[in-house]
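Below you'll find the structure, written out as structure tokens, and then a few comments.
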Amino acid sequence: LNSSEWDNILSQTKIRPVLIHDWHQHYWSPDVFENYESILPWGDNYHGISEEIFDYWTIANKLLNKNRFSFISGTVLPGFDNRGCGGWGEGSAIGLTPRRNGEKFRATWNDVLKNKARFIQIATWNDFNEGGTIEPTREEILNYDLPIRGYGYRELETVQEYASKIKATKIDTMALRV
């Protein structure tokens, strides 16, 4: 839909929904972001060795300062590995972003908090086919064809740690155990 079509649709609602657009495909033209309250950096911005996404934060803050957006959004991810599903997208891209024993996840959290994101997407809870999960797993080899170790509760505890920083609350790691 174009901007005027979105305006027409949204003018019919009593309460305006909050629309957040993904940044990985449309970053080349800020005009695409009309009618959105914010943009969200898709996880692929952090793939590989990248731990900060300067281009995204620069554009998002510029649009926020122009009152184009209401708030800044961010994405955190623990890693990525879609070798098990053969890739996706144009040309069936295969991506591998090692977890580095939890350091990748912490780096993306630090980047998001440093840039004062008000909405944070966690990519993902249980997307095992792309290796970007935070759901607790056994600490053993999950697939012998792709020897990646499980991580126990580490990723969920990281979410709890950073959420407690945002909310200024205490951590109870035992509350995560079922």
So, by mean Cβ neighbours within 10 angstrom, what's the order for 13-22, 108-117 with the highest one leading?
108-117, 13-22
Using θ = phi - 60° and Karplus 6.51 cos²θ - 1.76 cosθ + 1.60, couplings along segment 165-173 (whole Hz; Gly, Pro as x):
5, 5, 8, 6, 10, 7, 9, 10, 4
Phi to ³J(HN,Hα) by Karplus 6.51 cos²θ - 1.76 cosθ + 1.60 over segment 73-85, Hz, x for Gly, Pro:
10, x, 10, 10, 8, x, x, 7, 7, 9, 4, x, 10
List the lysines whose alpha-carbon lies under 27 Å from that of LYS116, not counting same-chain residues fewer than 8 positions away?
LYS62, LYS66, LYS104, LYS165, LYS167, LYS170
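Read-outs throughout are calculated quantities, based only on the coordinates presented, and are distinct from any laboratory measurement. On a predicted model such as this, the values are computed, not experimentally measured, just so you know. Using ideal geometry, Cβ is built from the backbone for each residue, glycine included, and neighbour counts are taken over all protein chains shown.
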